[in-house]
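Below: the structure, in structure tokens.
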Amino acid sequence: MVRVKSRYLLCEVNVSDRSRLLQLDDRAVAAAVKAAVARIHGDYGAALCSIRFSVKYLNTHTGIVFLRFPKRCYKLLWSALPFITSVETRGQKIPCFLNCLHVGGTIRTCQKFLIRYNTQQLHRMLPQCKNEEERQQVRKAILNCSLTGRNKQAFEDVSDSEDEEE
Amino acid sequence: MSVFMDLNLSYTAEKSRLQSLIETAAHLGFSTVAINYVFEPADKKKQDIPSPTPINELIDQLPIVQGRSRPIRVLNRLTIVMSDPSHFRPNAAEYRCFDLLAVQPTTEKLFHAACMMYDVDIICMSVTEKLPFFFKRAPVNAAADRGLVFEVSYAAAIRDSTVRRYTIANAVSLMESCRGKNVILSSAAEKPLELRGPYDVSNLGLLFGLSDGDAKEAVSSSCRSVILHAETRKTASGIVYTVKSCQQETLPAAAHCRFTQSCDTQVRFKEPIRSLPHLTTHR
């Protein structure tokens with residue numbers, strides 16, 4: 001069967017202070033990735049990057065990005081990602097680094113992993129809550145996640161309650 | 001899910017920076033980290049080997065590793081940059097407080113001696129300059145048989161472009177002679193932004209010429225075998241393992257009873273670690 005295959009890389013953008021995460025946008029991240037690939041792999045890398053590379057999804061509250069690469073050369077382009085030290089947006093440089101969490105063949109599998117990862121993050125956040133109200137919100141969000149058959153909605157609940165925590 | 005370790009975090013005097021380094025490492029998924037104290041003896045004056053600050057002074061509560069339920073394990077490590085055979089004194093008393101010992105040879109003779117004779121765990125490759133010597137198969141194989149590993153660190157490559165070329169050049173020539181086994185990759189991170197996640201680091205191994213399986217081993221099982229090798233150094237090849245235990249004894253007193261506590265060391269015999277093949281990777 002002839003089908004164009006891609007690899008979707010689920011990455012997390014780590015910054016030292018979370019308030020600057022909100023200023024990111026997907027074109028800035030795409031430009032940063034292309035610049036890094038051009039720096040490391042030169043013209044060959046820059047050419048590979050222009051085939052089917054794009055930023056599919058960016059969540060500024062949690063710092064999750066979905067990057068799409070062609071299947072043939074995704075490892076080469078992935079090896080340039082650790083060399084990103086900052087993302088430049090609207091005239092400011094935000095020092096950050098990308099941490100790859102999962103590689104999937106489709107956006108669906110990446111989303112399934114992301115839901116599991118977000119529930120784990122909620123569980124990690126529970127002992128760090130500072131007051132009872134936050135604790136109730138986190139518990140409600142965790143209970144929401146454990147219902148099956150409501151994937152998309154659980155995803156939104158989880159990301160909403162996460163940004164209430166910040 | 002395997003354990004990922006990063007055995008080279010630079011020691012800085014600022015406690016807050018070290019704390020945020022360890023927290024970032026726990027967030028990224030590293031189960032064990034080692035704080036590296038670099039000791040570079042200069043020829044003229046006599047310097048003392050720095051003694052490590054105990055872990056509970058550095059950070060009160062160790063953060064829990066992402067994806068697991070245990071807190072992160074922090075070890076102490078000493079790296080000696082050698083340019084002269086007198087710099088490394090075998091069996092010195094100050095080495096005992098460090099969990100891991102590493103050596104960074106700068107000449108071919110020292111490299112040969114370190115591989116064959118010195119009682120260390122890790123041999124570091126310098127990344128900031130082109131190595132003046134070539135690796136020969138004989139000392140590299142001997143080191144692998146003894147259980148030593150070679151280390152390549154990547155934070156300098158992230159910071160600077162010319163250093164990147166030296167790092168890749170040195171790493172590729174190392175991989176040619178050691179065939180990809182007994183290598184670990186670690187950051188020499190000074191700031192939390194210089195750390196990278198374990199999957200990214202093993203992908204960097206592909207840049208250095210490792211195969212997929214070897215690159216993953218470089219972040220997980222080779223590191224584990226180094227830590228076990230370091231334990232055998234402390235405990236006489238893993239046979240004798242001393243444990244302090246406190247016992248209470250009652251004095252036979254006529255008038256009143258007094259409880260005194262006394263600590264005595266129990267000597268337990270454990271199986272030699274080297275004889276368990278699945279724990280250490282060696283040929």
Shielding score for A:99-105, defined as the mean number of other chain Cβ atoms within 10 Å: 3
Residue with peak Gaussian network fluctuation, chain A [Cα springs, cutoff 10 Å], from A:105, A:42, A:91: A:91
FRET efficiency, residue A:107 to residue A:44 (Cβ-Cβ, R0 22 Å, nearest 0.05): 0.20
Packing-based order for B:182-190, B:71-79, A:117-125, using average beta carbon neighbours within 10 Å, highest first: B:182-190, B:71-79, A:117-125
Label point distance in nm, residue A:90-residue B:61, each placed 7 Å from Cα along Cα→Cβ: 3.6
Computed [θ] at 222 nm, helices only, for chain A once each DSSP H run of length n ≥ 4 contributes -39500 (n - 2.57): -16000 deg cm²/dmol
Over chain A, relative contact order from alpha-carbon pairs under 8 Å, at least 6 apart, %: 27
Two-site label geometry, residue B:19 and residue B:86: point separation in nm, points 7 Å out along Cα→Cβ: 4.3
Full-stretch length increase - residue B:138, residue B:94 - with 0.36 nm per residue and alpha-carbon distance subtracted: 12.7 nm
Contact order normalised by residue count of segment A:75-126, Cα under 8 Å, 6+ apart, percent: 20
Which listed pairs, of B:109/B:181; A:112/A:140; A:56/A:93; A:93/B:216; A:71/B:216; B:136/B:191, have C-alpha distances above 28 Å, in listed order: A:93/B:216; B:136/B:191
Residues residue B:145 and residue A:4, FRET efficiency given R0 of 51 Å [Cβ-Cβ distance, rounded to 0.05]: 0.55
Label point distance in nm, residue B:109-residue B:69, each placed 7 Å from Cα along Cα→Cβ: 5.7
Residue-averaged beta-carbon neighbours from other chains (10 angstrom radius) around A:10-20: 2
Coil-residue trypsin sites (Lys or Arg not before Pro) of segment B:116-222, DSSP, other Cβ within 10 Å capped at 16: B:130, B:136, B:179
Chain lengthening between residue A:134 and residue A:20 when straightened (0.36 nm per residue, less Cα-Cα): 38.8 nm
Global form of segment A:1-125, assessed from the alpha-carbon gyration tensor, a/c cut-off 1.5: oblate
Segment A:69-147: C-alpha gyration tensor shape, a/c 1.5 cut-off, then a/b vs b/c: oblate
Average partner coverage of B:193-203, which counts Cβ from other chains inside 10 Å: 6
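Quick note: the coordinates plus some simple rules give every number you see, no bench work behind them. The structure displayed is predicted, hence computed values, not measured ones. Backbone-built Cβ (ideal geometry, glycine too); neighbour counts: all protein chains shown.
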